[in-house]
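The values are calculated or read from the model by the stated rules, or taken from the named source; none is laboratory data. Keep in mind that this is a model prediction, so the values were computed, not measured. Every residue, glycine as well, gets a Cβ built from its backbone with ideal geometry; the counts of neighbours run over all protein chains shown.
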Amino acid sequence: MSPPEILPGQPLGDDGEPVFAEPWQAQAFAMAVHLHARGLFAWTEWASALADQIKQAQAAGDPDTGETYYQHWLAALERLVAEKGASSSVELAERKAAWDRAAKATPHGQPIVLGAERA
C-alpha cells in the first residue's frame, strides 16, 4: 500500500498517518463527505469547487504552504451549500457570527453553546 498523500506542514499521528491539526478541520471534512453522501453534490463538483477556491486563493497571494488548505476546503463547502440552495450565504454568515459571539461568551475550557451569548 502506498503512503497517504501529505500536505506540507500536515501533522502526523504516532503511526505516521496524517491527522487534522484542528478539530474544525475534521468537522469540515466530515460535513463535505456527509453532504456528498446525502446527494447534495457529486464528488467531481466538490473537487472542482475546491480546486477553484485554491486557485483563487493562490491568485490572491496565498503562499500554498498547506496551512490554509482546510480554510479553502471550508470556503468551497460554503459556496457549494449556497449554490445548491441548502443555505444562503447570508444564513451562513449569520451562523458564523452567532458561533463567534457564543465562543467569545464561553469561559475557557467550557463547551461552546450556540445562544449562550444571550443568556
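In the range 17-24, is there at least one residue being of a type in the set (F, W, Y), assigned to a helix (DSSP H, G or I), surrounded by 12 or more Cβ atoms within 10 Å (Cβ to Cβ) and within 16 Å of the chain's Cα centre (by Cα)?
Filtering the range 17-24 down to residues of a type in the set (F, W, Y) leaves 20, 24.
Keeping just the survivors that are assigned to a helix (DSSP H, G or I) gives 24.
Subsequent filtering for residues that are surrounded by 12 or more Cβ atoms within 10 Å (Cβ to Cβ) retains 24.
So of that shortlist, the ones also within 16 Å of the chain's Cα centre (by Cα) come out as 24.
Looking for residues that are of a type in the set (F, W, Y), assigned to a helix (DSSP H, G or I), surrounded by 12 or more Cβ atoms within 10 Å (Cβ to Cβ) and within 16 Å of the chain's Cα centre (by Cα), one finds at least one in the range 17-24, hence yes.
Any chance the range 68-81 includes a residue that's more than 16 Å from the chain's Cα centre (by Cα) and either surrounded by 13 or more Cβ atoms within 10 Å (Cβ to Cβ) or in a helix (DSSP H, G or I) (or both)?
At the first step, the residues of the range 68-81 found to be more than 16 Å from the chain's Cα centre (by Cα) are none.
Within the range 68-81, none of the residues are more than 16 Å from the chain's Cα centre (by Cα) and either surrounded by 13 or more Cβ atoms within 10 Å (Cβ to Cβ) or in a helix (DSSP H, G or I) (or both).
Which residues, counting only those in the range 36-57, are in a helix (DSSP H, G or I) and surrounded by 13 or more Cβ atoms within 10 Å (Cβ to Cβ)? Full working, then the answer.
Residues of the range 36-57 that are in a helix (DSSP H, G or I), as a first pass: 36-37, 43-57.
Of everything in the range 36-57, those that are in a helix (DSSP H, G or I) and surrounded by 13 or more Cβ atoms within 10 Å (Cβ to Cβ) turn out to be H36, E45, W46, S48, A49, L50, D52, Q53, I54, Q56, A57.
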Quick test of your reading of the structure: V90 fulfils all but one of (1) surrounded by 11 or more Cβ atoms within 10 Å (Cβ to Cβ); (2) within 25 Å of G115 (Cβ to Cβ); (3) at pLDDT 90 or above. Name the failing condition by number.
(1)
